[in-house]
Amino acid sequence: MTWEQWLENRLRVLRAERGWSQAELGGRLGVSRQAVNAIETGKHDPSLPLAFRIARLFELPIEDIFSEGNSNG
Amino acid sequence: MGEGEQLHARRRRKFWIILGSLALLGAIAGFFSGFTVGLADAKGAEVSAGMRALGAAGILLLAAATAFGSWKFFTSVDEVEVADNLWASLIGFYAYAILFPAWWLLARIRLIGSPDEWVIYGVAMLTATAAYLYRKWQSR
């Protein structure tokens, strides 16, 4: 595991279930479409405040959206 | 267009208005300060006090616009944009921190000439810009 990226998330699945585009989700979260894409593809681990906003928006506990990655580095 | 997409579009518009205003202000200030510096270079000590004051005002305006613009920019963007800027700044700083002493040491053993501050500044800025664009390309 490296410090760089160790979170996995279900953001893309949850977004697709609601039929939202990345821009739609970004608007609802107050971030850019590129930010949503960076989180979905694992290029950016969200801050705690943003992770809480995501959890509130999807009405799920944070751990149902984000989980620890499987890498052993 | 959904509610979120409307908010997103509004947010993007605000971002580009801030960036556009800053670019315009920077261009105006840069023109006046650059014009006066060019005049000073051409005329030496013959530049009038009024022209010097105009140049100084342009440079001050440029510095103030950069400081205010940076504050406005960083308070309106999201955390990914901030992270991209931080990474780009760090990599740009590394370019400077490696290039200057390496060049200085090579100059000390007379392999090359003395360090050129504008070349080092340019390389640091270009490296930071390349790092920023690479991160933007990654999350496009």
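In this simple spin-label approximation, B:Arg140 and B:Leu90 carry label points 7 Å from Cα along the Cα→Cβ vector, and these lie 2.4 nm apart. Once both labels are positioned 7 Å from their Cα atoms along Cα-to-Cβ, the gap between B:Leu126 and A:Leu48 label points is 4.3 nm.
Computed over chain A with a Gaussian network model linking Cα atoms closer than 10 Å, the most mobile of A:Glu59, A:Glu24, A:Glu40 is A:Glu59. Dividing the Cα radius of gyration of region A:8-58 by its Kirkwood radius returns 0.90 for Rg/Rh. Using the Cβ-Cβ distance between A:Leu60 and B:Gln6 with R0 set to 22 Å, the FRET efficiency from 1/(1 + (r/R0)^6) comes to roughly 0.35.
Pairs of Lys residues in the protein assembly as shown, spaced 8 or more positions apart or belonging to different chains, with C-alpha separations under 27 angstrom: 6 in total.
Each of B:Phe100, B:Phe32 has some number of other Cβ atoms within 10 Å of its Cβ, and from fewest to most they run B:Phe100, B:Phe32.
Taking the alpha carbon gyration tensor of chain B, multiplying each eigenvalue by 5 and rooting it gives semi-axes of 34, 27, 10 Å, largest first.
Dividing the Cα convex hull volume of the protein assembly as shown by residue count, how many Å³ per residue is that?
Working: hull volume 33.0 nm³, N = 213.
Cα-based convex hull of the protein assembly as shown, divided per residue, equals 155 Å³.
Grab the Cα-Cα distance for B:Trp104 and B:Phe74, subtract it from 0.36 nm times how many residues apart they are, and report the gain in nm with one decimal. Numbers along the way, then the final one.
On the way: separation 30, 0.36 × 30 = 10.80 nm, distance 3.50 nm.
Using 0.36 nm per residue and subtracting the Cα-Cα distance, I get 7.3 nm.
Can you pull out the GluC sites (Glu not before Pro) in region B:14-107 whose DSSP state is coil and whose Cβ has at most 12 other Cβ atoms within 10 Å?
On the way: sites: B:Glu46, B:Glu79, B:Glu81; in loops: none.
Passing both the DSSP loop test and the Cβ count: no residue.
Report relative contact order for region B:78-140 in percent, whole number only (criteria: Cα-Cα under 8 Å, sequence separation at least 6).
Numbers: 45 pairs, mean separation 30.4, N = 63.
Taking the mean separation of contacting Cα pairs over the length of region B:78-140, I get 48 percent.
Within region B:54-69, name every residue whose backbone N is under 12 Å away from a label modeled 7 Å from Cα of B:Ile18 along the Cβ vector. Residues B:68-69 fall inside that zone. When the Kirkwood radius is taken over all Cα pairs of region B:1-77, what Stokes-Einstein diffusion coefficient follows at 4 °C and 1.567 mPa s, in µm²/s? Reported coefficient: 90 µm²/s. Between B:Ala63 and B:Val119, the FRET efficiency estimated from the beta carbon spacing at R0 = 22 angstrom works out to 0.45.
No lab work stands behind these numbers, since they all come straight from the coordinates. The model shown is predicted, which means the values in this text are computed figures rather than measured ones. Counting neighbours? That spans all protein chains shown, and the Cβs are built from the backbone with ideal geometry, glycine included.
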